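Notes follow the structure.
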Amino acid sequence: MSRIPTIQFHSKPQPSFNKNFELLIRSMHEWHASGYETYICSDNAKQLERLAAIFKELKANVEWLPVETAIQEGFIDDDLKIVCLTDHQIFQRYHQYKLRQGFTKDQSMSIRLLRELQAGDFVTHIDHGIGKYSGLQKIEIGGQIQEAVRLVYKNNDILYVSIHSLHKIAKYVGKEGEAPPLSKLGSDSWKQLKARTKKKIKDIAVELIKLYAKRRAAPGHAFPPDGYLQNELEASFIYEDTPDQFKSTNDVKADMEKPYPMDRLVCGDVGFGKTEVAIRAAFKAVTDGKQVAVLVPTTILALQHWKTFSERLKEFPVTIDYVNRFRTAKEKKAIFEQLKAGKIDILIGTHAILNKDVVFKDLGLLVVDEEQKFGVASKEKLRAMTVNVDTLTLTATPIPRTLQFSLMAARDLSVMRTPPPNRQPIHTEIRTFDTDLIREAIYAEINRGGQVFFVHNRVSDLNKIAELIQQLCPDVSVAAAHGQLEADHLEKVLVAFIEKKYDILVCTNIIETGLDIPNANTIIINRADMFGLSDLHQLRGRVGRSNVKAYCYLLAAPLSVLTQEARKRLRTIEEFSDLGSGFQVSMRDLDIRGAGNLLGGEQSGFIADIGYETYQKILDEAIQELKETEFKELFKEELATKGSYVRDVTIETDVEMLIPDDYVSNTQERLNLYTELDALETEDEITAYGKRLEDRFGKLPKQVNALFEALRMRWMCKKLGFERLILKGGKLRCYFISDPQSSFFETELFKAIIQFVSTKGRIMGLSMKQTNKELIFIQDEIRSVKAAKSTLDVLLGIGENLKK
């Protein structure tokens, strides 16, 4: 029997550098002297840039080649004389595996709402008002078959909505349990209602934008671009940034580098990494010699943030301290003196830091966590404090998107919707109070090495509940905590729980904001019907902060005896347990409470009349109009980069474009596919969508390819300032923006199109027609979608030449 040859590999794993760059640089020089080539691998181009910046700053003078691909571990191959290093081992970070990109949260939300459409459901059409959905229907246009959504209006009038305009309809979400009145097609009442809503929004928004303008005009401190230390801090984050975290960090730093004060809101669900964004901003301020104040609503959160900031910045020359009611008067006095002398860089504290005795030597950044938890008086003090100071506000109770209009124009907004990798949704159940269930839930968690929160919001009998838990589980250690305890005692209990000296913490909702204990993954909330929705969402967010499956039990009286509102609140929390579902939770909160307490009484009336999604669209329009007219100067930069003056394009054709029945036979599935197609925004998305269709249903029919072409034409029309495109009877008509005041008519592109038609129009069969309402671009003898697209391509080419 022949011997199996042995193959020998002369290789060894990447050495450990413990983030010591001097050691790394010395090793790289040694390898180079021995004739080895060094490669550094990372799938993040930004990370490779950071490394290059660090080497340059340290005057390392090393030779290395960047490779934009991730590998799990680095190695040295002595035969090939190559050294392959990975960025995540250099910086001691976890290696992240590639996750498939799904829809954005916004897309999936609207797709899900439309997916749930059943015949008879109420929908709102932005131009025609509230109707009833009655399925898909084939219609014939110019001898060609197309498919449309059929809506029934008042007096049984029918409206067919083209599949190119699905984004104009939204499932009606208004007051639950009340059927809205159907709109009458052709009447002005819907238009008037929209106009009234828009005017109301503008009245509020104008005031807010004026405040924003005032801040923009105030002189601020322009921080310098990132230095070597900033790059090192960001690279040393042990997790991979989520796309939203990366974008939010860049937004914040770009604002800090501007000459006027920053006022940015970072809005993201519990545990999505907002604190890391704040740490990076604080560090950027400190490296430029400025001080940072971090304002938090609760004593515990001050302590928690102090621990997080200290842990994250321990390798850097930064002095951090905190004030809350746990600190003695003597300690506070010493801290304030050091602060005034500039010896403390970052001060974390509750509203005690708004005190007039607190004087900063040179405050450069204020971070406000959970702003909605502060009272009016604190907010007034804040305003006085922040006239020329950069302000970063973090919030986890997502502000309902309806409120975002105040932020869209009057504040810069970053939204973090992507959960960190490997997070799992929290399993949520509504149950009645049952000692067997409580015992089982506690032991299940403790047997897998975890800890449990038991929330009971009455201080008077909290100790009785703790005793009951101890009787149920005699072999586990139980601690009790509430806000009325002596400061020292409360701190000791919480710190002991964080350090795993107790298995169960029986407490009031003092844990609601900011306690970050990855080891606690079961929360039992007693009398959950007594809590508000955002409180329940926040409490649930205390668990599930690692990659372990978490459980939330909502204990309440039987649903039949609860009030209707309490039932809805509990059902909402149970239903929306997805990661990042805070936005939907607050959307449902609007339905349950009405939007009155958020937007003033009149507004909630409007939401009930026109439906939530449509209200959102009108909001966006109103803000955009204000930006383009009254506040044109203020938003000059934004408008210049906008590149599109058209919000929506209507396409009408007599070309056969649809998903044929013999390709996809199920009507509901076809509606889903049309809705998904309507939400696509890039060529890559069309390619991926087409590939999914081919995988599921086979080769794409020509009618589906025609749908893709129509979508591409919609994108092109937006860039060219066309609001409507009609391709019928061999004639192409494109309607420019109907608002004669639009700043599009002042652009170079518009002038160039007019110039082009007047000089080359006759050769190509192009002409312009001005009616009393609109300016129309016309081309005769166009027989196909492809030919129409070629014409639009020519016009876009003019725009590209202008840029060059």
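The values are calculated or read from the model by the stated rules, or taken from the named source; none is laboratory data. Here the structure is a predicted model, which means the values were calculated and not measured. Here Cβ is always computed from backbone atoms with ideal geometry, including for glycine, and neighbour counts include all displayed protein chains. Protein only, heavy atoms only, side chains kept; ligands, DNA and RNA dropped before computing areas. Shrake-Rupley method; radii C 1.70, N 1.55, O 1.52, S 1.80 Å.
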Which of (1) in contact (Cβ under 8 Å) with a residue 60 or more places away in the chain; (2) part of a helix (DSSP H, G or I) does LEU673 not meet, given it meets every other one? (1)
Restricting attention to the stretch 645-670, report how many residues are in a helix (DSSP H, G or I) and buried (at least 16 other Cβ atoms within 10 Å of the Cβ). 1
Is it the case that some residue within the stretch 581-600 is within 25 Å of LEU182 (Cβ to Cβ), at pLDDT 80 or above and assigned to a loop (DSSP other than H, G, I, E, B)? no
Provide a single number: the residues in the stretch 50-74 that are open to solvent by less than 80 Å² (accessible area, probe 1.4 Å), assigned to a loop (DSSP other than H, G, I, E, B) and in contact (Cβ under 8 Å) with a residue 60 or more places away in the chain. 2
Among the candidates ILE158, ILE163, single out the residue that is over 32 Å from the mean Cα position of the chain (by Cα), among the β-branched types (Val, Ile, Thr) and at pLDDT 75 or above. ILE158
Top-ranked residue of the stretch 511-542 - restricted to ones that are at pLDDT 80 or above and within 17 Å of THR275 (Cβ to Cβ), ranked as most open to solvent (accessible area, probe 1.4 Å): PRO518
Among (1) part of a helix (DSSP H, G or I); (2) farther than 19 Å from THR328 by Cβ; (3) open to solvent by 20 Å² or more (accessible area, probe 1.4 Å), there is one condition PHE497 misses while meeting the rest; what is its number? (3)
Scan the stretch 434-459 for residues that are modelled with pLDDT of 90 or more, of a type outside the set (D, E, K, R) and surrounded by fewer than 13 Cβ atoms within 10 Å (Cβ to Cβ) and jot them down. THR435
First in the stretch 785-804 and under 16 Å from ILE753 (Cβ atoms) and in a helix (DSSP H, G or I), second anywhere and at pLDDT 80 or above and open to solvent by 50 Å² or more (accessible area, probe 1.4 Å), Cβ under 8 Å, 6 or more apart: LEU796/LYS719; GLY799/LYS719; LEU802/GLU748
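What number of residues within the stretch 365-388 are open to solvent by less than 30 Å² (accessible area, probe 1.4 Å), at pLDDT below 80 and within 16 Å of PRO297 (Cα to Cα)?
The qualifying residues number 4.
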With ASP684, ASP695 as the choices, which residue is open to solvent by 60 Å² or more (accessible area, probe 1.4 Å) and over 30 Å from LEU749 (Cα atoms)? ASP695
Give the residue that is nearest to ALA282 (Cα to Cα), with candidates limited to residues of the stretch 328-359 that are open to solvent by less than 50 Å² (accessible area, probe 1.4 Å) and of a type in the set (Val, Ile, Thr). ILE346
I need the full set of residues from the stretch 520-562 which are of a type in the set (S, T, N, Q), over 26 Å from the mean Cα position of the chain (by Cα) and in a loop (DSSP other than H, G, I, E, B), in order please. ASN526
Test: residue in the stretch 724-741 that is within 30 Å of ASP684 (Cβ to Cβ), open to solvent by 30 Å² or more (accessible area, probe 1.4 Å), in contact with a helix residue (DSSP H, G or I) (Cβ under 6 Å, 6 or more places away or on another chain) and not small (Gly, Ala, Ser): no
Please work out which one of (1) open to solvent by 10 Å² or more (accessible area, probe 1.4 Å); (2) within 26 Å of LYS274 (Cα to Cα); (3) in a strand (DSSP E or B) is the condition LEU505 fails and give its number. (1)
All but one of (1) more than 30 Å from THR275 (Cα to Cα); (2) touching a strand residue (DSSP E or B) at 6+ places or on another chain (Cβ under 8 Å); (3) open to solvent by less than 10 Å² (accessible area, probe 1.4 Å) hold for ALA566; state the number of the condition that does not hold. (2)
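What tally of residues in the stretch 1-49 results from selecting those that are assigned to a helix (DSSP H, G or I) and among the aliphatic types (A, V, I, L, M)?
Counting residues in the stretch 1-49 that are assigned to a helix (DSSP H, G or I) and among the aliphatic types (A, V, I, L, M) gives 7.
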Of the conditions (1) more than 23 Å from the chain's Cα centre (by Cα); (2) farther than 11 Å from ILE348 by Cα; (3) basic (Lys, Arg), LYS274 satisfies every one except a single condition; which number is it? (1)
Enumerate the pairs (first residue in the stretch 477-491 and within 21 Å of VAL452 (Cβ to Cβ) and hydroxyl-bearing (Ser, Thr, Tyr); second residue anywhere and open to solvent by 30 Å² or more (accessible area, probe 1.4 Å) and assigned to a helix (DSSP H, G or I)) with beta-carbon separation below 9 Å, excluding pairs fewer than 6 apart on the same chain, so at least 6 apart or on different chains. SER477/GLN470
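Residues checked against (1) touching a strand residue (DSSP E or B) at 6+ places or on another chain (Cβ under 6 Å); (2) farther than 16 Å from ASP678 by Cβ:
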residue: GLY131; (1), (2): yes, yes
residue: LEU136; (1), (2): yes, no
residue: ILE141; (1), (2): no, yes
residue: TYR153; (1), (2): yes, yes
residue: ASP157; (1), (2): no, yes
residue: ALA170; (1), (2): yes, no
residue: LYS191; (1), (2): no, yes
Assuming PRO13 fulfils every condition listed in (1) loosely packed, with under 13 Cβ neighbours inside 10 Å; (2) in contact (Cβ under 8 Å) with a residue 40 or more places away in the chain; (3) over 20 Å from GLN89 (Cα atoms) apart from one, which condition is it? (3)
Which numbered condition in (1) assigned to a loop (DSSP other than H, G, I, E, B); (2) under 30 Å from PRO425 (Cβ atoms) is the only one that ARG327 fails? (2)
Where the second residue is exposed (fewer than 12 other Cβ atoms within 10 Å of the Cβ) and the first is among the polar types (S, T, N, Q) and lies in the stretch 183-198, which pairs have Cβ atoms under 8 Å and are six or more apart or on separate chains? SER183/SER189
With respect to ASP362, determine if the residue is in contact (Cβ under 8 Å) with a residue 40 or more places away in the chain, under 38 Å from the mean Cα position of the chain (by Cα) and loosely packed, with under 14 Cβ neighbours inside 10 Å. yes
Somewhere in the stretch 389-401, is a residue at pLDDT 85 or above, under 18 Å from ILE300 (Cα atoms) and in contact with a Ser or Thr (Cβ under 9 Å, 6 or more places away or on another chain)? yes
Considering only residues that are in contact with a strand residue (DSSP E or B) (Cβ under 9 Å, 6 or more places away or on another chain) and either hydrophobic (A, V, I, L, M, F, W, C) or buried (at least 16 other Cβ atoms within 10 Å of the Cβ) (or both), which ones fall in the stretch 33-46? TYR36, THR38, TYR39, ILE40, CYS41, SER42, ALA45
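For the stretch 690-716, enumerate the residues that are basic (Lys, Arg), over 14 Å from LEU727 (Cβ atoms) and part of a helix (DSSP H, G or I).
Answer for the stretch 690-716, where residues must be basic (Lys, Arg), over 14 Å from LEU727 (Cβ atoms) and part of a helix (DSSP H, G or I): LYS691, ARG692, ARG696, LYS702.
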Residue under evaluation ARG783, criteria (1) open to solvent by 90 Å² or more (accessible area, probe 1.4 Å); (2) touching a strand residue (DSSP E or B) at 6+ places or on another chain (Cβ under 6 Å), criterion not met: (2)
Residues that are at pLDDT 90 or above and open to solvent by 40 Å² or more (accessible area, probe 1.4 Å), drawn from the stretch 16-30: ARG26, HIS29, GLU30
